[in-house]
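Peer 1: Let me give you the structure first, and then I'll get to my questions.
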Amino acid sequence: MSIRPILAAACSLIAAHAWAAPGCPALPPRVPMPPDAVGAPLPLPNWDAAVTQLRQKIATADPTSKHLLLIGDSITASWDPPILNMFFGRYAPVLFGLSGDTTRGTLWRLQTLDWPALHPSVAIVLIGTNNTSAGSAPADTALGVAEIIRTLRQRAPETKVLLLGLLPRGPDAADRLRAVNTQVNTLIAACAAPGEVVYDDAGPKLLGPDGRLDEKVSFDRLHLTPMGYYMLATAITPLIVQLEGG
């Protein structure tokens, strides 16, 4: 028997598997993977206590409801409660953010915690600016985000994902770290996939006409004020309504 048909069939299977791989095919895994794209606990103060609190959120949430899952770092963990409830209360939001987190820590949490028990209808992902602070290359941070999307799609294929671009930081466009975040956003925008992942760069809507990030929006030019959260919620609400089906 000729080996050519066997090889052809094997190649077809490999190609089909690659095409069907969930999440961010434009940012495939590479060898070796950078640390940003490999899940692991972070050596941060109070990390264990924070993870325990997240486990408790999962355990005490209403198991009969679908939830809006907000995934990220301190920007996510610090959502202003009245604004969160005003815009998203009807979707039973669960804050799944952890202060100081990076793609590495977020990936570990999504790989190890039982968040699928929350039956999330939509997951909002906003992560990576702490990678920028730590000096990660934009391509490595972007691959970490891609791995997060793949994990979400693999563990909860019915969950739709709203992937947010990294928010602007620093006072103006000349800020070096803001420029890095912009490079990351250019890469992760390729993770958008019809019916599965929506990408949105809401950051420019937080800026003034001159491109400056006002202290009234971000008190330290990184974290948001209540006004900043109001502006962010206003920007993404139409997408949440669309993904939630009304």
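FYI, it's all coordinate maths here, none of it is from the lab. Here the structure is a predicted model, which means the values were calculated and not measured. When we count neighbours, we look across all protein chains shown, and the Cβ atoms used for this are built from the backbone with ideal geometry, even at glycine.
Peer 1: In Å, what is the Rg of the alpha-carbon atoms in the range 107-162, and how long is Dmax?
Peer 2: 12.1, 35
Peer 1: Here's another thing I want to ask about it. Specify, per residue and in Å³, the volume enclosed by the convex hull of the alpha carbon atoms belonging to the range 48-117.
Peer 2: Numbers: hull volume 6.0 nm³, N = 70.
Per residue, the Cα convex hull of the range 48-117 comes to 85 Å³.
Peer 1: Continuing with the same structure: How large are Rg and Dmax for the chain when calculated on the C-alpha trace, in angstrom?
Peer 2: Expressed in Å, the Cα Rg and Dmax of the chain come to 18.8, 74.
Peer 1: Taking Cα atoms, how many degrees apart are the long axis of helix 4-20 and the longest axis of the chain, rounded to 10 and kept between 0 and 90?
Peer 2: 10 degrees
Peer 1: Taking 20 °C and 1.002 mPa s as the conditions, I'd like the Stokes-Einstein D for the range 174-226 in µm²/s, using the Kirkwood hydrodynamic radius from alpha carbon pairs.
Peer 2: Numbers: Rh = 12.7 Å.
In µm²/s, the coefficient is 169.
Peer 1: I would also like to ask the following. What is the extension gain from Ser65 to Lys205, computed as 0.36 nm multiplied by their sequence separation minus the C-alpha to C-alpha distance, in nm to one decimal? Walk me through the numbers before you get to the answer.
Peer 2: Numbers: separation 140, 0.36 × 140 = 50.40 nm, distance 3.19 nm.
Here the answer is 47.2 nm.
Peer 1: Given the convex hull over the Cα atoms of the range 77-198, what projected area results after averaging over all orientations, in nm²? Numbers along the way, then the final one.
Peer 2: Details: hull surface 31.5 nm².
Its average projected convex-hull area is 7.9 nm².
Peer 1: Which of the lysines could a cross-linker span from Lys66 if the Cα-Cα distance has to be under 27 Å and same-chain partners fewer than 8 positions apart are dropped?
Peer 2: The qualifying lysines are Lys57, Lys160.
Peer 1: Another one. At q = 0.10, 0.11, 0.14, 0.21 Å⁻¹, what log₁₀ I(q)/I(0) does a Debye calculation on the Cα points of the range 135-246 give, no solvent, two decimals?
Peer 2: The Cα Debye sum returns log10 ratios of -0.32, -0.39, -0.62, -1.18.
Peer 1: Any number yet on Rg/Rh for the range 77-123, C-alpha, Kirkwood?
Peer 2: On the way: Rg = 12.0 Å, Rh = 12.1 Å.
Reported Rg/Rh (Cα atoms, Kirkwood Rh): 1.00.
Peer 1: While we're looking at this one, here's another question. Taking 7 Å along the Cα-to-C-beta vector as the label spot, tell me the Phe219-Ala40 distance in nanometres, rounded to one decimal.
Peer 2: Reported label-point gap for Phe219 and Ala40 is 3.4 nm.
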